[in-house]
Amino acid sequence: MKNHHLLLLRFSALGDVAMTVPVIRCLYKSHPNLKITFVSRPYFEPLFAEFENFNFYPLDIGDRHKGLKGIWTLFKELKKIHFSGVADLHGVLRTYLLSFLFTITFFRVKQINKGRIEKYQLTRKKNKKFQPLTPTIFRYADVFRKLGFSINIEDHEFPNKNPIPKNFTNLYNETEKKWIGIAPFASYSGKTYPLDLMQQVIAYLQKDFQIFLFGAGQNEIKKLEVWEKAYTNVVNTSGNTSLRDQIQLMPYLDLMISMDSANGHLAANAGTPVLSLWGLTHPFSGFVPFNQPIKQSLTLDRKKYPLVPTSVYGNVIPSGYENAFRSIRPKEVIEKALKLVQK
């Protein structure tokens, strides 16, 4: 298809937006003349710095695009762009309303099938259907196929590395240690590895490796600063490093240790091996970082904790599951990390 222009809608969250990147790479490979306008929150713009013929449209959800009136305003703004199709990659009320407005004004619109019924069956307490669901990346690809754009995820290629960010250049030149990123936080406690156990992992690994800590938010940054001061080979990237620089740092890591959270996806997009730790969520829900083998996921023993996954988001903690994540010992995390980084 020549000279086509697609409008993509995916407003949040960071991890879900990050998972669109490999799909867009494959889309451009099959359709190099395609133009894309991507509507999302301004903070996410650096994720797409690698793309040409790409327009990032910032969503002002706190003011101009707030509420029903804001959706109408956004619709009027976007309608001025001459696009040939709308890909709703989010599937929430806001994007449903936008999609409806575009549909009744004769735009071609296709929406993601989020598999809500299958996810409910996977996470419910009784009659749980414990089986792997379609990965989110393939759900994204299906939206483009419905719009008539062929796409093959197997054709994916990682881009060339950008230069290492300036504030890490000296460290890069001075150390021969391998680099490990650690992102110890997640949006909910049900998928956050206990911090006292994570500290044991950091304390051990920093003896032989250069550790980079990733996080966001003031409370997280304060904790990371404590670890940075406590250990010799630990650098906190949060608070003083932009998201753009963090993304540029990712390809230089030899391993990322992440929760079921955004930094695992950012590292995977850079081609960095990811060791992901899963608490009350599970890889079967479809959110494994791109191109990462399932054996690089550490999960809870379901013989002990048969209700796992308790939810897609990690926000449901059944009685008796408050300390379930503690059943993954720091020794297991360390041994798995050493195996992967020595590859």
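The values are calculated or read from the model by the stated rules, or taken from the named source; none is laboratory data. What you see is a predicted model, and the numbers here were worked out from it, not measured in a lab. Virtual Cβ from ideal backbone geometry, glycine too; neighbours counted across all protein chains shown.
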Among the listed residues ASN315, ASN291, identify the single one that is assigned to a loop (DSSP other than H, G, I, E, B), of a type outside the set (Val, Ile, Thr) and under 13 Å from the mean Cα position of the chain (by Cα). ASN291
Those residues of the stretch 81-102 which are out of contact with any helix residue (DSSP H, G or I) (no Cβ under 8 Å at 6 or more places or on another chain), surrounded by fewer than 16 Cβ atoms within 10 Å (Cβ to Cβ) and modelled with pLDDT of 95 or more, in sequence order: VAL92, LEU93, TYR96, PHE100
Extreme residue, nearest to the chain's Cα centre (by Cα), among residues of the stretch 3-22 that are within 18 Å of VAL312 (Cα to Cα) and assigned to a helix (DSSP H, G or I): GLY15
Which residue pairs have Cβ atoms closer than 7 Å, lie 6 or more positions apart in sequence or on different chains, and pair a first residue in the stretch 294-312 that is without any contact (Cβ under 8 Å) to a residue 40 or more places away in the chain with a second residue that is surrounded by fewer than 20 Cβ atoms within 10 Å (Cβ to Cβ)? LEU298/GLU332; LEU298/LYS336; LEU300/SER327; ASP301/SER327; LYS304/SER327; TYR305/TYR321; VAL308/ARG302
Scanning the stretch 212-223 residue by residue, those surrounded by 22 or more Cβ atoms within 10 Å (Cβ to Cβ) and aliphatic (A, V, I, L, M) turn out to be LEU213
Counting only residues in the stretch 199-223 that are touching a residue at least 40 places away in the same chain (Cβ under 8 Å) and either among the aliphatic types (A, V, I, L, M) or out of contact with any helix residue (DSSP H, G or I) (no Cβ under 6 Å at 6 or more places or on another chain) (or both), the one farthest from SER258 (Cα to Cα) is identified as PHE209
Only helices (runs of 4 or more DSSP H) wholly contained in the stretch 103-183 count here; list those with 1 or more residues that are of a type in the set (A, V, I, L, M, F, W, C) and modelled with pLDDT under 95. 169-174
Write out, first by first residue and then by second, each pair whose Cβ atoms fall under 8 Å of each other, whose residues are 6+ apart or on separate chains, and whose first residue, in the stretch 1-27, is farther than 25 Å from THR103 by Cα while the second is among the β-branched types (Val, Ile, Thr) and assigned to a loop (DSSP other than H, G, I, E, B). CYS26/ILE151
Total residues in the stretch 184-235, condition part of a loop (DSSP other than H, G, I, E, B) and among the aromatic types (Phe, Trp, Tyr): 6
List the residue pairs whose Cβ atoms are under 7 Å apart, where the first residue sits in the stretch 267-280 and is within 18 Å of ASP301 (Cβ to Cβ), the second is in a strand (DSSP E or B) and polar (S, T, N, Q), and the two are 6 or more positions apart or on different chains. SER276/SER258; SER276/SER297; TRP278/SER297
Checking the structure you have, find out if any residue of the stretch 240-255 is within 15 Å of VAL333 (Cβ to Cβ) and touching a Pro at 6+ places or on another chain (Cβ under 7 Å). yes
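Residues checked against (1) at pLDDT 95 or above; (2) over 30 Å from SER319 (Cα atoms); (3) touching a Phe, Trp or Tyr at 6+ places or on another chain (Cβ under 6 Å):
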| residue | (1), (2), (3) |
| --- | --- |
| ALA186 | yes, no, no |
| ILE211 | yes, yes, no |
| ASN219 | no, no, no |
| LEU255 | yes, yes, no |
| MET259 | yes, no, no |
